[in-house]
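Take a look at the structure set out below.
The values are calculated or read from the model by the stated rules, or taken from the named source; none is laboratory data. These numbers come from a predicted model, not from an experiment. Positions of Cβ are generated from backbone atoms using ideal geometry, with glycine treated the same way; all protein chains shown enter the neighbour counts.
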Amino acid sequence: MTAGFERDRFIADCEAAAAGGGQRAIRALLEEAMRDPARVLAELGEPKRAGIELLHRSKNITILNLVWGPHMTVMPHNHHMWATIGLYTGREDNIFWRHLPTDARRPIEAAGASSYFAGDVGTLGPDIVHSVTNPLGKTTGALHVYGGDFLKQSREQWDEETMAEQPYDQAGARKLFEDSNRYLDRG
């Protein structure tokens, strides 16, 4: 990429990088973009509402502009594909979970954590289970690039209270964003 983030060029560069270099090449593109998170913010617009904007989808990659609402938390879940995340505003806290033996009281337990701030880039392997929290009282915006057709991929989630594994609930996820937007509307 040349200097300055441009949405359409970023998408084209990511598609080419996914075909040629995979996650490592995508990370390099996101690192370049996040050197100037204010430019990314200017190009994509100030996030006002929680939600997921599909920027690009192919068999090789999916690019989302994901906006977490204030104090929003998403239960542990997986992707079954690699992901690279670049924050352009706000903060995203991740808890990483590991699977326990089948005879354990819970199927997963917390195994680590990471916080991403504007300008940071993080990578997730295809087997990672993580939960996400926006700890701020404002929206957080991030570009998420997935190594495949994310919208077709079946996934799992883990109940927040019992940690029981279940199929990923798309309707429940949409409700989390809607609830967050109701919070913003009261603001």
Only one of GLY86, GLY69, GLY137, GLY141 is at negative phi and surrounded by fewer than 20 Cβ atoms within 10 Å (Cβ to Cβ), namely GLY137
If I ask for residues that are of a type in the set (Gly, Ala, Ser), in a strand (DSSP E or B) and within 14 Å of the chain's Cα centre (by Cα), which ones from the range 95-118 would you list?
SER114, SER115
Some residue of the range 117-139 being over 21 Å from ILE26 (Cβ atoms) and without any contact (Cβ under 8 Å) to a residue 40 or more places away in the chain
no
Residues in the range 88-105: is at least one modelled with pLDDT of 95 or more and in contact with a helix residue (DSSP H, G or I) (Cβ under 7 Å, 6 or more places away or on another chain)?
yes
Quick test of your reading of the structure: MET81 fulfils all but one of (1) farther than 25 Å from LEU136 by Cα; (2) more than 13 Å from the chain's Cα centre (by Cα); (3) not in a helix (DSSP H, G or I). Name the failing condition by number.
(2)
